[in-house]
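Every number in this text was worked out from the coordinates using simple rules, so none of it is lab data. This is a predicted model, so every value here is computed, not measured. Here Cβ is always computed from backbone atoms with ideal geometry, including for glycine, and neighbour counts include all displayed protein chains.
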């Protein structure tokens, strides 16, 4: 039975170039797959001719390793797609107005910095806002709604 080699160089066909995705798992899986094939060939060369290895068990093992490798490659591509979507969404924030969750920083977004653990919007004034729950993003300028502002305007009248 001929077995086609499985190439792990699918990143060249990936339109998002893996956007900093780790390929360690895929490399480890390919190494294990190659090791399995070498073991299988050694097993076939050294098997007892009067008691040969069961072909269905051999094929079952090969299919299991192939399935694991394909799952790891699929996960790598899904991670790349999610990162590409995050980059696109982050780019859409430029030109919009943002207010931090604690209402202390607000302004028009000049640039967006994307890190592996989060996204930071940088305002035209140079202030940074970590995009998290409670952050307000708007197409129009945001007015501060803190209670200290309303109290100070009430006391001046």
- Query: Suppose R0 equals 25 Å; then what is the FRET efficiency for residue 144 and residue 110 from their Cβ-Cβ distance, rounded to the nearest 0.05?
  - Reply: 0.80
- Can you tell me how much longer the chain between residue 48 and residue 130 gets when fully stretched, taken as 0.36 nm per residue apart minus their C-alpha distance, in nm with one decimal? 23.0 nm
